[in-house]
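Structure record follows, encoded as structure tokens.
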Amino acid sequence: MAKIILQASSFRKNYNIDTVAVTASEYNDGKTFALEAKPEDGYVVDAADFYNGFLQENIESVTYSNTIMEVGFENNVRINVTLKGDINLAGSGNFLVFVAANGEGKVPSNELTFIDETSVEEGISVSNALGTVVLIDSKISKTIHSNTYQAIGVSGESGIIMQKTFTADSGYYLVDPPTWKLSSRLKSNYSITTKEFKDSNNDLYKKIYEISYAFPKTKFTAKYQDKIIFS
């Protein structure tokens with residue numbers, strides 16, 4: 001016997017939604033059915049982050065609710081789909097209904113992963129003094145040094161991530177001091193200050209970049225690979 005197949009058509013960001021099959025008798029008894037968005041490991045879903053795309057003509061409405069009171073890793077988002085009452089299930093073929101649910105799984109906002117990518121130039125030495133972060137990965141080539149750091153804090157906490165110092169070797173100067181480019185969804189949470197050192201001839205021989213970060217005050221945030229490039 002033909003069934004109504006409810007299938008999510010979202011671009012699923014860090015969660016999965018199982019397909020639901022509705023029998024003719026279930027459809028006759030009631031028109032509202034539920035799918036569930038289940039987060040991948042390490043992610044959290046919240047009904048407040050979900051919204052509808054284009055509703056197929058056979059759908060009356062789509063609403064979202066959480067399966068537990070306090071949003072956390074155990075929560076799923078229930079996608080409540082109300083169908084219209086004129087779907088014809090005569091025949092042997094199933095009736096496919098796409099549900100355009102959109103949302104995003106998030107991660108705890110007290111965790112920061114941060115990449116520092118620095119160009120290496122002749123005559124310039126680079127040193128890092130770590131603040132609240134720990135080094136978790138490093139990739140080094142002749143021209144690029146890339147380090148990945150991680151920090152764990154509390155909501156609203158701020159502190160220095162690291163200090164990066166560029167020092168000219170003997171006989172060299174910082175004619176064109178390194179510039180930086182920050183890539184992050186939370187750029188306003190960063191603060192980058194600099195300090196320059198010049199000799200008696202007013203030649204720049206050292207420059208320090210101090211990078212600070214304030215953890216979001218929200219409990220969860222979208223995952224993004226924060227990155228700063230010095231070149």
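The values are calculated or read from the model by the stated rules, or taken from the named source; none is laboratory data. No experiment lies behind these values; they were computed from the predicted model shown. Because the Cβ atoms are built from the backbone with ideal geometry, glycine has one as well, and the counts that use them run over all protein chains shown.
Annotations for the structure displayed:
- Within the range 128-169, considering residues that are touching a strand residue (DSSP E or B) at 6+ places or on another chain (Cβ under 8 Å) and without any contact (Cβ under 8 Å) to a residue 24 or more places away in the chain, the one surrounded by the most Cβ atoms within 10 Å (Cβ to Cβ): Leu135
- Scanning the range 1-36 for residues that are more than 19 Å from Leu55 (Cα to Cα), polar (S, T, N, Q) and touching a residue at least 12 places away in the same chain (Cβ under 8 Å) yields a count of 3.
- Hey, Gly53 modelled with pLDDT under 95, exposed (fewer than 13 other Cβ atoms within 10 Å of the Cβ) and more than 17 Å from the chain's Cα centre (by Cα) or not: no
- Qualifying residues in the range 87-143 (those that are over 25 Å from Gly42 (Cα atoms) and of a type in the set (Ser, Thr, Tyr)) - the one nearest to the chain's Cα centre (by Cα): Thr118
- Selection from the range 188-204 of residues that are surrounded by 11 or more Cβ atoms within 10 Å (Cβ to Cβ) and among the small types (Gly, Ala, Ser): Ser191
- Here is the figure for the range 56-86: residues that are in contact with a Leu (Cβ under 7 Å, 6 or more places away or on another chain) and assigned to a strand (DSSP E or B) total 5.
- Residue match in the range 170-187 (condition: under 21 Å from the mean Cα position of the chain (by Cα), loosely packed, with under 12 Cβ neighbours inside 10 Å and of a type in the set (Gly, Ala, Ser)): no
- Number of the condition not met by Leu89 [criteria: (1) surrounded by fewer than 16 Cβ atoms within 10 Å (Cβ to Cβ); (2) in a loop (DSSP other than H, G, I, E, B)]: (1)
- If the condition is being among the β-branched types (Val, Ile, Thr) and more than 19 Å from Glu210 (Cα to Cα), then the range 126-166 contributes Ile136, Ile140, Thr143, Ile144, Val154.
- Residue count, the range 103-123 (criterion: in a strand (DSSP E or B) and surrounded by fewer than 16 Cβ atoms within 10 Å (Cβ to Cβ)): 2
- Among the residues of the range 176-196, the ones that are more than 16 Å from Tyr209 (Cβ to Cβ) and without any contact (Cβ under 8 Å) to a residue 24 or more places away in the chain come to 1 in all.
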